[in-house]
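Working notes, structure below.
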Amino acid sequence: MNQKIRKIFKQSGVIPYRVQNGNIEILLITTRDRNNWVIPKGGIAKGMSPPASAAKEAWEEAGIIGQVDINAVGSYRYRKRGKIYRVQMYLLLVEMLSEDYPEAGQRQREWLDVNIAIQMVKQNSLKRILKVFLQSEFYFCQSSIMNKNGSRMG
């Protein structure tokens, strides 16, 4: 049997999120051709950890800065131009959003409710990771949001 062994290219990416009025929102960006909604991701830069490289991609592709959780929330594979990529995903709580960033003229970005973001992305394995994020983070965020009096909100 002559099977061709395919190299799998490793990438890392982030799920950029924020909490607005007790609701979790995800920042999606378009691909450069603006045909699909995706998350910031890219090849792991030489000498960088996957979470650090994911943070770098988040800045370049979406103009966001924030704290990347070093624990991966999952991974997914996709095929592009005959190559197979495996993307390790990390959460990024967005702390700053810039209007001036390297790929600003090449992409659109939009904050969306998690459920809408899940519908907008085409990649089924990415949808699955966003659903896991929704189930795990939603409860945590809802139960930990406090108002100034110390009582729970939402």
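Among the residues of the range 41-68, those identified as closer than 15 Å to Ile26 by Cα and free of Cβ contacts under 8 Å to residues at least 40 places away in the same chain are Ile65, Gln67. Going through the range 86-105 one residue at a time, which ones are under 13 Å from Glu57 (Cβ atoms), surrounded by 16 or more Cβ atoms within 10 Å (Cβ to Cβ) and not charged (D, E, K, R)? If the condition is that a residue be under 13 Å from Glu57 (Cβ atoms), surrounded by 16 or more Cβ atoms within 10 Å (Cβ to Cβ) and not charged (D, E, K, R), then Val87, Gln88, Met89, Tyr90, Leu92, Tyr101 are the ones that fit.
Mind listing just one residue for me: the one in the range 10-38 that is among the charged types (D, E, K, R) and surrounded by fewer than 19 Cβ atoms within 10 Å (Cβ to Cβ) and, of those, modelled with the lowest pLDDT?
Narrowing the range 10-38 to residues among the charged types (D, E, K, R): 10, 18, 25, 32-34.
Now drop any that are not surrounded by fewer than 19 Cβ atoms within 10 Å (Cβ to Cβ), which leaves 10, 18, 32-34.
Working: Lys10: 96, Arg18: 93, Arg32: 90, Asp33: 89, Arg34: 86.
Here the residue is Arg34.
The residue that is nearest to the chain's Cα centre (by Cα), counting only those in the range 39-85 that are surrounded by 13 or more Cβ atoms within 10 Å (Cβ to Cβ) and among the β-branched types (Val, Ile, Thr), is Ile39. Only one of the listed residues (Gln108, Gln135) is over 14 Å from the mean Cα position of the chain (by Cα), loosely packed, with under 13 Cβ neighbours inside 10 Å and modelled with pLDDT of 90 or more. That residue is Gln108.
For Gly43, are the conditions met, namely being of a type in the set (Gly, Ala, Ser) and under 25 Å from Ile116 (Cα atoms)? Quick ask: steps written out before the conclusion?
Values: of a type in the set (Gly, Ala, Ser): yes; under 25 Å from Ile116 (Cα atoms): no.
No; evaluated as a whole, the condition is false for this residue.
Right, Ile118: closer than 26 Å to Phe9 by Cα, assigned to a helix (DSSP H, G or I) and free of Cβ contacts under 8 Å to residues at least 60 places away in the same chain or not? So Ile118 passes the test. Here Val114 fulfils each of the conditions (1) within 19 Å of Asn35 (Cβ to Cβ); (2) touching a Lys or Arg at 6+ places or on another chain (Cβ under 9 Å); (3) surrounded by 17 or more Cβ atoms within 10 Å (Cβ to Cβ) apart from (1).
Where strands (runs of 3 or more DSSP E) fall wholly inside the range 1-106, the ranges with 3 or more residues that are over 21 Å from Lys127 (Cα atoms) and out of contact with any Cys (no Cβ under 7 Å at 6 or more places or on another chain) are 64-68, 83-97.
The values are calculated or read from the model by the stated rules, or taken from the named source; none is laboratory data. Here the structure is a predicted model, which means the values were calculated and not measured. FYI the Cβ positions are ideal-geometry reconstructions off the backbone, even for glycines, and counts take in every protein chain you see.
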